[in-house]
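What follows draws every value from the coordinates through simple rules; no lab data is involved. Values in this document were obtained by computation on a predicted structure and should not be read as measured data. Ideal geometry is used to build each Cβ from the backbone, glycine not excepted, and the neighbour counts take in all protein chains shown.
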Amino acid sequence: MRRPSDDLLDVVRVLLLIQGAILTATTIEAVVWGLAFRAPAATALLSGVAAIGLLIGRSRIRADRTGTRRLIYAIEGALLVALAIDALLAVALIGAVPPPVALLTRLVLPASVIGLLRHVTRAARLARADAEATAA
């Protein structure tokens, strides 16, 4: 029997897959440009670790797994902090805000995943409370 939170978890899984694919492409791009210009590999390393973490979290996410949710929250939070730093540096150094599509992709995806995971957690708690109330 499907729980109400299962549909939301399916949406979270799709969003995490999309985000993992974007981060994988970012990692490949950072490696190529890093090799071409002999730049430090920090960007490639961070985006690669985030991609791996999100894809592993995607495969293990369930309503009752708090550790997996915490891992995803931590990665999404780090991605939002990186976005804020990038935007501040762009405004400070160039005097312009990054392109809107990049901002939306880097802001909306993590915020959506965090919001949906919070909703899944609440729905799972309510379902568990209802099951305990009917059993008692």
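A few comments on the model shown:
- Packing-based ranking, highest mean first, of 100-112, 39-51 given that Cβ atoms within 10 Å are counted: 39-51, 100-112
- FRET efficiency estimate (nearest 0.05) - Cβ-Cβ, Tyr73 to Leu93, R0 41 angstrom: 0.85
- Applying both filters, DSSP loop and at most 15 other Cβ atoms within 10 Å, to the trypsin sites (Lys or Arg not before Pro) of segment 64-104 gives Arg65.
- Taking one quarter of the surface of the C-alpha convex hull of segment 4-129 gives a mean projected area of 8.2 nm².
- Computed magnitude of the charge dipole of the chain (debye, nearest 20; Cβ of K, R +1, Cβ of D, E -1): 320
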